[in-house]
Amino acid sequence: MKNLIAGVLAGILVACISAAPASAQQATGKARKAAPKAAAKDAASPSSDLGVEEIVDRTNYAAYYQGADGRAKVHMTITDSQGRKREREFTILRWDAPDPNSTIPKKDQYYTGEQKFYVYFQRPADVNKMVFTVWKYLDRDDDRWLYLPGLDLVKRIAASDKRTSFVGSHFYYEDVSGRHITEDTHELIKTTDQYYVLKNTPKNPDAVEFAYFEMWIYKKNFVVVKTDYYDKQGRKYRTYQAQKVEMIDGYPTVTKSTMTDDKMGGKTEMSYASVKYNMGLPEDVFTERYLRRPPFKYLR
Amino acid sequence: MKQVCIAITAGFLATLLLVGVWAPAAAAGEEPPPPEGLGSAEPDLPVGLAAEPQMPEGLSGEEPGTRQTSAETSVQAMTLTGFWEARGGLRLRDDRYEKEDSVGETRLQLETEKVIDQLTFKLTSDFLYDWTLDRSNIDLETGHGWIDLREASVAFTPFDFMDIKVGRQILTWGTGDLLFLNDLFPKDWQAFFIGRDVEYLKAPSDAIKTSLYFEPADVDIVYVPKFDSDRFIRGERLSYYNGMAGSLAGRNAIVSTDRPNDVFKDDEWALRVSKNVNGRELALYGYSGFWKSPAGMDPASGRATFPRLRAYGASGRTHVGHGIGNLEIAYYDSLDDRSGTNPFVDNSQLRFLAGYEQDLKSIARDLTVGAQWYLEWMQDYDDYRNVLPAGAKPSDEYRQVCTVRVTKLLANQNLNLSFFAFYSPDDQDAYLRPNVSYKFNDHWTGEVGGNIFIASDNRTFFGQFAHDTNVYVGLRCGF
């Protein structure tokens, strides 16, 4: 009798040892779909301990805050619902407000949130040499200025609406300058081998035209590969897709992307060239002086 | 021994069975069916993300991906841009002193910019064929003739903290929207009222502008060696109220002036000290020169004059609530009539402006609304009244002007609907500027608009132009 019990126990032990890896994988695989937050800890990826908020932070950083400053020459092709095309060309400079309490070297530091942008327009002809400057804040409306060279006029622009078209394209101001992460609640709804899928729901649904949006985020470097916007009826009406990513100055940079209007038809294709980071851009480039005198040293 | 083996095997199998039964049961309880809409297929990886990204240590030489795809032109290359446009307009009311065409012209603007060493040369010139005017001899000062030189300047930065721009240039400062307090740079009222592009409201100055940038504040100093007056209404295109004649006049009585003309003697100085404190733009202004539009008369010759003027002012502009608010004040010190007792020179004035603009996103997209309240307060009013000639209608001591601007963009921002109105409750007159413009494509823009003057008395500032109400059409091709 004692031998029998010992034998059964030994058998159970052996079975457990041999079956454990297989069943654990099965269990984890199923659990990943059912309870992604728990499984994220076990997921076989370099960022194994990530909660939703950290994924959101890193994605936001990768999209809008890489490097202490940056420049890109942007070309946009806007195709309307009838297939007619328009082109936009401008150069954009970005500067991140440094965190005075940070000990991380400036070019590597985690972002603080406030930024300044300088946009020098080249095409089409009617906006040639116009300059647009934005001071982005987290706690209030942005300050925006538009310089009209034909009139030598520094016009201050009222800026409460960030979800209007940027230069007539399908990208909004908010897409270009960044949506504050505190404006939405975030949920990690799915994790696949290569992506995190986040669902973002606005805290103030009346302030926006979408009901929620989903982002497919590449796990290795937190680049947003696709964003689907859903309207209040639950239909997908707008899609962002990254088409090409290049490593520039050590940062993964989306150099080709498209924003498509699924409801009305039409899309804008945006491509970046001459991308540069950490140029040592001085903060005063974003003052009135440089509205009148474009800093070609940094623009070219 | 056999018993032990059987026992071990039994245990092994039992465990496997248990695990096999347990796992599927657990999965069935936890995995929800995918919700509607989440079934969208996984996106294809964009080019460049397929492989593990390379992060080279000790970067040397060019990284892949930073190679310029577009041909970068040399910094020294000359750029040539501009537009061609045709514009025509009609008067809506008969005016016996003026032609029926309020505007009729075709214009080619060429702009070129070149950087040589540290100097930036800029040249903008309009070549104009105006079929409504009889004469076409060139006068670069007034913009008459077939060439209107808008800019001919050279700019350089001698020191880090200093920019200089010399030559013909357009200059603007101040916070008003089509109302001017501390902007004492020349304006072309004629172009403004007949329906030329609003760019032509600002006439060029021949000046030296020095800008100094210091930590406490920025300083702009403009020196104009020879007085640049406004391109004011003289009667050849728009009829106006002629005080001497006591009636409306036009081409029958073109204003002739005694304009201060001596280089270096009849000069102007303009100064601005400005600072941006966290988005609050503050400025102080000073000006020494002459009234920009005729503000006096030489009783002997009957010619209009530009009396001497000094002006001081201040302005502030910042975000207010969800919009932009601005305040501006200016004191015009009429040096040739400080007491107000000279009936042939305008009195000193205090000007005040309060404005607000906001985009109304709760009502519609791309809808911006602005409003301003403006006041001109004549100083020494009692003295003015005492010396006023008998029979002349007195101006009010206070002249208020309210303005409203509404702008709406439609059709992917290609259609621009704009309306601007001036209304003076004291003068009981108004000036309306409706405009619709449409960008057909990246080169062609068309616009239709009007300049509508409403008057109750033909002697007031806007009222005098009541017969000049017109509509215009323009077509522009930019390149």
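The values are calculated or read from the model by the stated rules, or taken from the named source; none is laboratory data. Because the structure is a prediction, the values reported are computed rather than measured. Neighbour counts run over all protein chains shown; Cβ positions are idealised from the backbone, glycine included.
Structure notes:
- Residue pairs whose Cβ atoms lie under 8 Å apart, separated by 6 or more positions or on different chains, with the first residue in region B:347-371 and of a type in the set (Val, Ile, Thr) and the second surrounded by fewer than 17 Cβ atoms within 10 Å (Cβ to Cβ), are B:THR368/B:VAL406; B:VAL369/B:VAL404; B:VAL369/B:VAL406.
- Taken together, B:PHE127, B:PHE161, B:PHE121 contain a single residue that is in contact (Cβ under 8 Å) with a residue 40 or more places away in the chain and either among the β-branched types (Val, Ile, Thr) or surrounded by fewer than 19 Cβ atoms within 10 Å (Cβ to Cβ) (or both), which is B:PHE161.
- Residue in region B:331-344 that is modelled with pLDDT of 95 or more and within 25 Å of the chain's Cα centre (by Cα) present: yes
- For B:ASN412, the stated conditions do not hold, so it cannot be described as buried (at least 18 other Cβ atoms within 10 Å of the Cβ) and part of a strand (DSSP E or B).
- Residue check, B:LEU432 within 14 Å of another protein chain (Cβ to nearest Cβ) and of a type in the set (A, V, I, L, M): no
- Selection of region B:422-441 for residues being free of Cβ contacts under 8 Å to residues at least 24 places away in the same chain, over 15 Å from B:VAL406 (Cα atoms) and crowded, with 16+ Cβ neighbours inside 10 Å yields an empty set.
- Across region B:227-245, the number of residues qualifying as over 20 Å from B:SER205 (Cα atoms), in contact (Cβ under 8 Å) with a residue 40 or more places away in the chain and not charged (D, E, K, R) comes to 7.
- Within region A:252-288, restricting attention to residues that are part of a helix (DSSP H, G or I) and surrounded by 16 or more Cβ atoms within 10 Å (Cβ to Cβ), the residue that is farthest from the other protein chains (Cβ to nearest Cβ) is A:VAL285.
- Residue satisfying condition, being without any contact (Cβ under 8 Å) to a residue 24 or more places away in the chain and buried (at least 20 other Cβ atoms within 10 Å of the Cβ), within set A:TYR172, A:TYR218, A:TYR229, A:TYR196: A:TYR229
- B:ALA371 vs. criteria within 14 Å of another protein chain (Cβ to nearest Cβ), outside any helix (DSSP H, G or I) and either crowded, with 17+ Cβ neighbours inside 10 Å or in contact with a Phe, Trp or Tyr (Cβ under 7 Å, 6 or more places away or on another chain) (or both): yes
- Test result for A:TYR229, more than 8 Å from chain B (Cβ to nearest Cβ), among the aromatic types (Phe, Trp, Tyr) and closer than 30 Å to A:GLY83 by Cβ: yes
- So B:SER205, is it farther than 29 Å from B:ASP94 by Cα and touching a helix residue (DSSP H, G or I) at 6+ places or on another chain (Cβ under 8 Å): no
- Of the residues making up region B:410-426, not a single one is in contact with a helix residue (DSSP H, G or I) (Cβ under 9 Å, 6 or more places away or on another chain) and acidic (Asp, Glu).
- When region B:199-229 is limited to residues that are of a type in the set (Ser, Thr, Tyr) and either at pLDDT below 95 or under 21 Å from the mean Cα position of the chain (by Cα) (or both), the one that is farthest from B:LEU284 (Cα to Cα) turns out to be B:TYR200.
- Whichever residue in region B:240-287 is surrounded by fewer than 16 Cβ atoms within 10 Å (Cβ to Cβ) and basic (Lys, Arg) and, among such residues, is farthest from the other protein chains (Cβ to nearest Cβ): B:LYS265
- The lone exception for A:GLY178 - which of (1) free of Cβ contacts under 8 Å to residues at least 12 places away in the same chain; (2) more than 7 Å from chain B (Cβ to nearest Cβ) it fails: (1)
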